[in-house]
Amino acid sequence: MNTDLSNDIQLVSTVSSKFLDDQQISVVSVLRRGSVNQVFIVETRNTKLVVRMRDNNESLEEYEKEAWCIEKAAVLSVPVATVLDLGVIEQHAYMIQACIEGVEGRDSLFPRSHIWRQLGKYARLIHSIEVAGFGLKCSDLTQGNSRESWLEYLNYNIESLHENDELLKLRVLNERQSRIIRTILEELKEQSFDFGLNHGDLSLKNVIVDDSGKITLLDWGSAEASIVPHHDLIQLLKISMLENDPDDGEIQSFLEGYGISQSEFAEMLPTLESLLLLRAFDKLRWAIDCGIEGLESYIIYARRAVERKLSNP
C-alpha cells in the first residue's frame, strides 16, 4: 500500500470512528467511475458508511452545498444518502454518508426506462425547492437575486460575441453565425423563467438501484440554482447529443415521470436549444479563462450546440 493511500485510510478511520460501534474497522478504497472524489467504504460488523474525501479544504464548500441539497430533497421524500458529518482534517475535506446497498444504475438489471421515469419524478420534486440566487456555489442557493444574476450571466455571454471573440478564432462559429446567435440570446431576455434547485447531473451513474427497484439519487456536486425545469433538461439534451445516453426513448421516459407531455416538450424545445447553446458557450469561455488543458471537448460541445440550434431555428 502506498504512503498517501495509507495516510488517507488512517484519516478516514479517524473521522468515521464516532459513528462506529466496533474497534474492528475495515476501510476499503473504491474507484467510482467518473468520480472526482476519493471514495472509501468503512465497515464494522453492524455498520457500513461511505466517506468521500478530497485533498484540499476548499472542497468543503461543495460538500456543504451537497448536504444542503440532500437535506432539502429528503424532506420531499426523494431517496438520498443521508449525510452524517462533514468537515476538514489535515487539509482534506470529507463527507460521511450512509451506505446505500444496491448497484449503480448502469449495472442494474431493471429496465433503463424505469430508472429514467423515476428520475423524472425526482426532478419535478427537486425543482420545487426554492433558491435565492443563481449559480453553482452554496451561497447561490441561499443568497442573491435569481433574476438579476441570470440576466448578468446572459448579458456577459451576449457581450462576449464580438469581432475579437476567442470563439471565432477557435472556429466554433463564424461572424455571420455570431450575429444570428447574438439575436437568439437577446430574445431570451424577454422570456419569463422560474428558478429552483437543479441536480445538474441526472444520469444512471448517479443512482443506486436496490433489489426491489428503489432508486437512490447520489452526487449533488453539480447541483445549482438555475431556471427550472430547463437547466436539468438541457443537461440531458447535452449528453444525449454527445453520447446518445439517454436515447430518445429514455428522454421520453424521463418526461413521462416529470409530467411533461410530448406537445409541451416540443413547445419548449426551441428555448431549450437556445439555452443549450448559451451553456455551451459559457462553459467554453470559462475553460479558456481558467487555462484548462484539453479544450477540445468544450469546443466540440459548443460546435454541436451551434449546429443543432441553427439547423432548428
Of the residues in segment 102-140 that are touching a residue at least 24 places away in the same chain (Cβ under 8 Å) and of a type in the set (S, T, N, Q), the one that is surrounded by the fewest Cβ atoms within 10 Å (Cβ to Cβ) is S128
Scan segment 53-66 and tell me whether some residue there is part of a strand (DSSP E or B) and touching a His at 6+ places or on another chain (Cβ under 9 Å).
yes
Within segment 295-306, can one find any residue that is in contact (Cβ under 8 Å) with a residue 24 or more places away in the chain, open to solvent by 30 Å² or more (accessible area, probe 1.4 Å) and in a loop (DSSP other than H, G, I, E, B)?
yes
Would you please list the contacts, defined by Cβ atoms under 9 Å and residues six or more apart or on different chains, that run from a residue in segment 68-91 that is free of Cβ contacts under 8 Å to residues at least 24 places away in the same chain and buried (at least 17 other Cβ atoms within 10 Å of the Cβ) to a residue that is among the polar types (S, T, N, Q) and assigned to a strand (DSSP E or B)?
V83/Q97
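Look at S222 and say whether it is touching a Pro at 6+ places or on another chain (Cβ under 6 Å) and either assigned to a loop (DSSP other than H, G, I, E, B) or open to solvent by 10 Å² or more (accessible area, probe 1.4 Å) (or both).
no
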I need a count of the residues in segment 86-102 that are at negative phi and touching a strand residue (DSSP E or B) at 6+ places or on another chain (Cβ under 6 Å).
9
In segment 67-86, anything farther than 24 Å from S17 by Cβ and either at pLDDT below 95 or part of a loop (DSSP other than H, G, I, E, B) (or both) is listed as L76, S77, V78, P79
Against the condition of a type in the set (D, E, K, R), buried (at least 20 other Cβ atoms within 10 Å of the Cβ) and over 16 Å from the mean Cα position of the chain (by Cα), how does R45 come out, does it pass?
no
Residue within segment 264-287 that is touching a Phe, Trp or Tyr at 6+ places or on another chain (Cβ under 7 Å) and buried (at least 21 other Cβ atoms within 10 Å of the Cβ) present:
yes
Under the condition of being part of a loop (DSSP other than H, G, I, E, B), within 26 Å of the chain's Cα centre (by Cα) and exposed (fewer than 11 other Cβ atoms within 10 Å of the Cβ), which residue from segment 1-42 is modelled with the highest pLDDT?
L31
All but one of (1) under 20 Å from the mean Cα position of the chain (by Cα); (2) closer than 30 Å to C99 by Cβ hold for S149, so report the exception by its number.
(2)
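Results for (1) exposed (fewer than 15 other Cβ atoms within 10 Å of the Cβ); (2) assigned to a helix (DSSP H, G or I); (3) modelled with pLDDT of 95 or more, shown as yes or no for each residue.
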{"site": "E148", "(1), (2), (3)": "yes, yes, yes"}
{"site": "L154", "(1), (2), (3)": "no, yes, yes"}
{"site": "R179", "(1), (2), (3)": "yes, yes, yes"}
{"site": "Q191", "(1), (2), (3)": "yes, no, yes"}
Residues in segment 253-273: is at least one among the β-branched types (V, I, T) and under 16 Å from Q191 (Cβ atoms)?
yes
Odd one out for E264 among (1) in contact (Cβ under 8 Å) with a residue 40 or more places away in the chain; (2) assigned to a helix (DSSP H, G or I)
(1)
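Which one of L233, L167, L197 is assigned to a helix (DSSP H, G or I) and within 19 Å of Y258 (Cβ to Cβ)? I'd like the intermediate steps shown before the answer.
Details: L167 fails: within 19 Å of Y258 (Cβ to Cβ); L197 fails: assigned to a helix (DSSP H, G or I).
So the residue among L233, L167, L197 that is assigned to a helix (DSSP H, G or I) and within 19 Å of Y258 (Cβ to Cβ) is L233.
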Which one is nearest to the chain's Cα centre (by Cα), of the residues in segment 193-202 that are surrounded by 22 or more Cβ atoms within 10 Å (Cβ to Cβ) and not hydrophobic (A, V, I, L, M, F, W, C)?
H199
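The values are calculated or read from the model by the stated rules, or taken from the named source; none is laboratory data. Since this is a predicted model, take the numbers as computed values, not measurements. In this analysis, Cβ positions are derived from the backbone assuming ideal geometry, glycine residues included, and neighbour counts consider all displayed protein chains. Note: areas computed on protein heavy atoms with side chains; ligands, DNA, RNA excluded. Shrake-Rupley method; radii C 1.70, N 1.55, O 1.52, S 1.80 Å.
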